[in-house]
1. Taking the options GLU289, GLU293, GLU338, GLU307, name whichever one is in a helix (DSSP H, G or I), exposed (fewer than 14 other Cβ atoms within 10 Å of the Cβ) and modelled with pLDDT of 80 or more.
2. Can you tell me how many residues in region 200-220 are open to solvent by less than 30 Å² (accessible area, probe 1.4 Å), hydrophobic (A, V, I, L, M, F, W, C) and not in a helix (DSSP H, G or I)?
3. I'd like to check something: does region 318-328 contain any residue that is under 22 Å from HIS172 (Cα atoms) and surrounded by 14 or more Cβ atoms within 10 Å (Cβ to Cβ)?
4. Among the residues that make up region 188-199, is at least one of them assigned to a helix (DSSP H, G or I), at pLDDT below 85, surrounded by 13 or more Cβ atoms within 10 Å (Cβ to Cβ) and under 18 Å from the mean Cα position of the chain (by Cα)?
5. Search region 26-43 for residues that are farther than 17 Å from VAL15 by Cβ and pair each with any residue that is outside any loop (DSSP other than H, G, I, E, B) and of a type outside the set (Val, Ile, Thr) when their beta-carbon atoms are under 7 Å apart and the residues are at least 6 apart or on different chains.
6. Please verify whether SER282 is touching a Ser or Thr at 6+ places or on another chain (Cβ under 6 Å) and either within 20 Å of GLU140 (Cα to Cα) or not hydroxyl-bearing (Ser, Thr, Tyr) (or both), treating the condition exactly as stated.
7. Would you kindly identify the helices (runs of 4 or more DSSP H) lying entirely within region 15-105 that contain at least 1 residues that are among the acidic types (Asp, Glu)?
8. Might you check whether a residue that is in contact (Cβ under 8 Å) with a residue 60 or more places away in the chain and closer than 30 Å to ILE58 by Cα occurs anywhere in region 319-337?
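The values are calculated or read from the model by the stated rules, or taken from the named source; none is laboratory data. All of these numbers come straight from a predicted model, not from anything done at the bench. Cβ: placed from backbone, ideal geometry, glycine included. Neighbour counts: every protein chain shown. Accessible surface is based on the protein model in full, side chains and every heavy atom, while ligands, DNA and RNA are left aside. Shrake-Rupley method; radii C 1.70, N 1.55, O 1.52, S 1.80 Å.
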Amino acid sequence: MIRGTWSLTEPLVPVNIPATMIRVGGQRGIDVQVLLNGTGLAEAQLSDPSTRLTYQQIISLTDNLIRHYPDNKLGLDLGTSININQLGMLGYAILSCADLRSAVRLGLKYHSLVDPAFTFEMIEQRDTSAIRLTSHIPYEPMYRMLCDVFIGLFISLARFLSGQHLTPREVHLNQPRPDYADTYSELCGCPVLFDQPRTEIIVDSTLLDTQVTMADSATAAMAEAQCADILARMGPKEGVVAKVRRILLSNPGTFPPVDTVASHLATSTRTLSRSLQDVGTSYQKILDEVRKEMAIEYLRNSNLPIEELAALVGYSDPSNFRKAFRRWTQHAPSYYREDRNR
């Protein structure tokens, strides 16, 4: 296993968020034993702060919750149900930050204390900034749910921290429009766009200057020091999927072969392939996802001919690109270009 990867069988996930999943399911009438079926967990472990779950257990719990939840809004319900104290010491540190910008930056730095397989990034520009989900467990039902958790959590926490009903400029989701699309609009109070290259929250950059109501510099410094100490004891936990994606995104149009990526990660091709297999994916699947994101972005934001666009995502033959694009999205490239021009 490559240093800094996570696996399906390593106990990495604190019990806080899984306990919230159980609580939200219970509020919708789902028995706790139904949710724990096949996880190997006992109900008493959910109240033990030392408990850590494997991703195999998280996947089993998620499957049970999705299967028995009475509607499709599970992710949004979870995201808006996570309280700041359920983020442990990181939540305490965030609660003491001076403003939302420093709160997001702190979350970026120590997110792996809550869940090392997922990450996000903040892209700051002059007028607008994007808070973007950037990596995920390569397990589609869980990823779709995570997108909704991400939206619900960030918006509800921003409002809690600021004491204001803050609204983003736009919300983008890297998935088709669901049957509960109106729920996003009610929660976010802004345009919500689907079939986007990535899942992200777009805000006016000035919104990040909003003060946190419980800001306290001394407490923030103390809590961050404790976060740093916990992280140092845990060791680096950034997922191998995130590392491979970062390498691919740094070389748009000239994607390196798997052996070159392995070399960048100071490992062998065989070890890299095995590490990716451990988390249910492959180099080709990650490459296809990156190509899909880039292609959708070019289609929505440029008038490049298909021949040039195909070349930019690594296809010399436009017909092969069209076939691949339909396989990735179940749509022809024209679907995204036409949608932009409506």
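1. Working: GLU289 fails: exposed (fewer than 14 other Cβ atoms within 10 Å of the Cβ); GLU293 fails: exposed (fewer than 14 other Cβ atoms within 10 Å of the Cβ); GLU338 fails: modelled with pLDDT of 80 or more.
Exactly one residue qualifies, and that residue is GLU307.
2. Residues of region 200-220 that are open to solvent by less than 30 Å² (accessible area, probe 1.4 Å), as a first pass: 200-203, 205, 208, 210, 212, 220.
With the extra rule that they be hydrophobic (A, V, I, L, M, F, W, C), the set shrinks to 201-203, 208, 212, 220.
Going one step further and asking which of them are not in a helix (DSSP H, G or I), we end up with 201-203, 212.
Here the count works out to 4.
3. Looking for residues that are under 22 Å from HIS172 (Cα atoms) and surrounded by 14 or more Cβ atoms within 10 Å (Cβ to Cβ), one finds at least one in region 318-328, hence yes.
4. Taking region 188-199 as the starting set, the residues that turn out to be assigned to a helix (DSSP H, G or I) are 188.
If we keep only those that are at pLDDT below 85 as well, we get none.
No: zero hits.
5. Listed by first residue and then by second, the contacts come to ILE30/HIS68; VAL34/ASN64; VAL34/HIS68; ASN37/ASN64; GLY38/SER60.
6. Numbers: touching a Ser or Thr at 6+ places or on another chain (Cβ under 6 Å): no; either within 20 Å of GLU140 (Cα to Cα) or not hydroxyl-bearing (Ser, Thr, Tyr) (or both): yes.
It is false that SER282 is touching a Ser or Thr at 6+ places or on another chain (Cβ under 6 Å) and either within 20 Å of GLU140 (Cα to Cα) or not hydroxyl-bearing (Ser, Thr, Tyr) (or both).
7. Of the helices (runs of 4 or more DSSP H) lying wholly inside region 15-105, those with at least 1 residues that are among the acidic types (Asp, Glu) span 55-68, 74-81.
8. yes
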